[in-house]
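Every number here is computed from the coordinates shown, using simple stated rules; none is lab data. Worth saying up front: this structure is predicted, and the values here are computed from it rather than measured. All Cβ positions, glycine included, derive from the backbone under ideal geometry; neighbour counts span all protein chains shown.
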Amino acid sequence: MIQTPILKPGPRQDGPHPDHAAAGRPQPSAPVVRIENLVKRYGAYVALHEIGFELKSGEVVAIIGPSGSGKSTLLRCVNQLEQPDGGCITVAGQRFEGGKEHSRAALDTLRRTVGMVFQSFNLFPHMTILRNVSIAQERVAGRSRKDAEDRAMHLLARVGLADKAGQYPARCSGGQQQRIAIARALALDPQIMLFDEPTSALDPELGLEVLAVMRELAESGMTMIVVTHEMRFAENVSDRVVVMADGRVIEEGPSRELMRDPKTERTQRFLHAVRDR
Amino acid sequence: MSEILEFWGEWLPTLLDGLLVSLKVTAASLALGIPLGLVLALAVKAKSAPLRIAALIAVEIGRGTPALVLLQFTYFGLASTGLTLSSYAAAVAALAACTGAYTSEIIRAGLEAVPQGQSEAAIAIGFSRMDQLRYVVLPQGLRIAVPPLLGFSILIFQSTSLCYAIALPELMSQAYSVGSNTFRYMPILILAGLLFAAICIPATLLVSRLEHRLDRHTR
Ligand SMILES: Nc1ncnc2c1ncn2[C@@H]1O[C@H](COP(=O)(O)OP(=O)(O)O)[C@@H](O)[C@H]1O
Ligand SMILES: [Mg+2]
């Protein structure tokens, strides 16, 4: 059902930027993201209760669960868009303890290691599409404008949108905007990509073109955490599924197994409800 | 009727001199006041509490004090402390302070109208706070603020007429002095009003057209 491979399959062409070598790319089997006892509160409300799971390099994990269960909050804690109140998140060997301030340098490294794609795209409307994808390379990675634009053009070609480079985001469909947002997130050569319901704001047929890009990205070996309501993506593309409810992980396991034969009654009810829609 | 036209023709150059002063004071007040407004808007949103409070107090004083009082203060008030300003400098200082206070609110509203997701996207791609502001929030927020800033600029132009109180030879003062020399207040005040309108009405139309165009361009 997901057709038109937009990314070229095969070995990844955008391996980690040389700068990352110093940070030490973890061994294939070592966890690249480790979340331990993660707690996040909003005032008295506890959004995340002692969450824990691990992600190996190259693994794709889908997070599913009812709305309000804390999926976005969890994802946003991984790149410190939200500051956790307790527990610890280790990303590519760097520990971020909850309730502590982190140095500017640690956060900079984190954000170059982790790319994020939002439900509402959040492209910069006042910049051309090319600029959307090139600007962080110049400002954050210190690449020359020419290098940044070459790389941006390469990424836009990979998501099938090289011909749009000079236009503004408002001229693009939602599916195109989300593909550009993926290119923007890839521009700093992250090791890990976070997706927060990347297709929820899209009509189904536009969602497909985004899912196709994500699928190819997964096949190219990218480590991914994907919050999604696309059950087929969770089942067919992700390696593992984590089910959340009320700020807790209620079940996790290999995706095919979990999706076909959920153990907890809560997961069964949830899967039933989304599949009926 | 032709007699009035003749009277107007005789004194128009005097009023045009005044209009020029009004426009200069407006331009200088805006050139100083709007950057001041931007600084105050950023300070009001600053992390540091003392900075925030100082900026808030400055804004409230600037907005709470009538422009006429500010003018009297910079001209007569400061003079009594030994700092003597020319009426031109006093006018610019007072109106720039007023502009800074009011436009800080306009600019702050513009910055706050930039969706949260824009800053989050900027943070997620590793932008420093400075770059977030410079490349993402300011370009969008200031664009939102342009129409109200232009609207405010028209008000500042009109309020230069208050500067008659500090003997600045702007349009209104010139009209008064012509009136008191010729005892013909009515026709000269009408001419002054027409000159104000000749600037303000086209400017207002321009602003609303610009507002439309900016609306169409974004999303
Ligand atoms: N900034 C916030 N302030 C207060 N409560 C929040 C905030 N963000 C999220 N929440 C609450 O935390 C819970 C989890 O939210 P979220 O992570 O967005 O859930 P999901 O993505 O699974 O739908 C919700 O009950 C939500 O209302
Ligand atoms: Mg969510």
> Mind checking the angle between helix B:171-182 and chain B's longest principal axis? C-alpha axes, 0 to 90 degrees, to the nearest 10.
Replying inline: 10
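List the trypsin sites (Lys or Arg not before Pro) in segment B:33-91 that DSSP assigns to loop (not H, G, I, E or B) and whose Cβ has at most 15 other Cβ atoms within 10 Å. Which are they? Don't skip to the answer; put the middle values down first.
Working: sites: B:LYS45, B:LYS47, B:ARG52, B:ARG63; in loops: B:LYS45, B:LYS47.
The qualifying sites are B:LYS45, B:LYS47.
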> Given labels modelled 7 Å from the Cα in the Cβ direction, how far is it in nm from A:SER144 to B:THR84?
Replying inline: 6.1
>> Under 5 Å between amide hydrogens, which residues at least 5 positions from A:ALA245 or on another chain qualify, with H placed 1.01 Å from N in the peptide plane?
In response: A:ILE250
> Residue by residue through segment B:8-16, which ³J(HN,Hα) values in whole Hz follow from phi under the Karplus form 6.51 cos²θ - 1.76 cosθ + 1.60 (θ = phi - 60°), with glycine and proline marked x?
Replying inline: 4, x, 5, 9, 4, x, 4, 5, 5
> Ordered by residue, what ³J(HN,Hα) values in Hz, to whole numbers, does segment A:198-213 give under the Karplus form 6.51 cos²θ - 1.76 cosθ + 1.60, where θ = phi - 60° and Gly and Pro are x?
Replying inline: x, 10, 5, 8, 10, 4, x, 6, 6, x, 4, 5, 6, 4, 5, 4
>> Taking the Cα centre as origin and putting +1 on Lys and Arg beta-carbons and -1 on Asp and Glu beta-carbons, what dipole magnitude results for the protein assembly as shown, to the nearest 20 debye?
In response: 560
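Within segment B:110-213, which chymotrypsin sites (Phe, Trp or Tyr not before Pro) sit in a loop by DSSP and count at most 16 neighbouring Cβ atoms inside 10 Å? The partial results should precede the final answer.
Details: sites: B:PHE127, B:TYR135, B:PHE152, B:PHE157, B:TYR164, B:TYR176, B:PHE183, B:TYR185, B:PHE196; in loops: B:PHE127, B:PHE183.
Answer by residue number: B:PHE183.
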> Can you list the residues of segment A:225-249 with backbone N under 18 Å from a point 7 Å past the Cα of A:ARG41, pointing along Cα to Cβ?
Replying inline: A:247-248
> What are the ³J(HN,Hα) values, in whole Hz, obtained from phi via the Karplus relation 6.51 cos²θ - 1.76 cosθ + 1.60 with θ = phi - 60°, for each residue of segment A:75-92 in sequence order, with x given for Gly and Pro?
Replying inline: 4, 6, 6, 4, 9, 6, 5, 10, 8, x, 9, x, x, 8, 10, 10, 10, 6
> Of A:LYS40/B:LYS47; A:LYS146/B:LYS45; A:LYS56/A:LYS263; A:LYS56/A:LYS100, which pairs sit farther than 27 Å apart, going by alpha carbon to alpha carbon?
Replying inline: A:LYS146/B:LYS45
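Averaging over all projection directions, find the projected area of the Cα convex hull of the protein assembly as shown and quote it in nm² with one decimal place.
Working: hull surface 124.1 nm².
Reported value for the Cα convex hull: 31.0 nm².
Per-residue ellipticity at 222 nm for chain B, helices alone: DSSP H runs ≥ 4 residues times -39500 (n - 2.57), over residue total, nearest 500 deg cm²/dmol?
Working: 8 runs with 167 residues, N = 219.
So the helix-based figure for chain B works out to -26500 deg cm²/dmol.
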> Pairing the Cα long axis of helix B:49-64 with the longest principal axis of chain B, what angle in degrees results, from 0 to 90 and rounded to the nearest 10?
Replying inline: 30
>> Just to verify a number: FRET efficiency for A:ALA30 and B:VAL39, C-beta to C-beta distance, R0 = 45 Å, to 0.05?
In response: 0.40
> Can you give the extra length, in nm with one decimal, that the chain gains between B:ALA203 and B:GLN158 once fully stretched, where that is 0.36 nm per residue apart less the Cα-Cα distance?
Replying inline: 15.0 nm
>> With +1 on the Cβ of every Lys and Arg and -1 on the Cβ of every Asp and Glu, and nothing else charged, how large is the dipole of segment B:2-218 about its Cα centre, in debye rounded to the nearest 20?
In response: 740
>> Which residues among segment B:142-164 fall inside the zone where the amide N is under 18 Å from a point 7 Å beyond the Cα of B:VAL69, along Cα→Cβ?
In response: B:162-163
>> Once R0 is set to 25 Å, what does the formula 1/(1 + (r/R0)^6) return for the Cβ-Cβ distance between B:SER48 and B:GLN116, expressed as a FRET efficiency to the nearest 0.05?
In response: 0.70
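Counting alpha carbon pairs within less than 8 Å and at least 6 residues apart, what relative contact order, in whole percent, applies to chain B?
27
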>> Can you compute the FRET efficiency between A:CYS88 and B:ARG129 using 1/(1 + (r/R0)^6), with r the Cβ-Cβ distance and R0 = 22 Å? Round to the nearest 0.05.
In response: 0.30
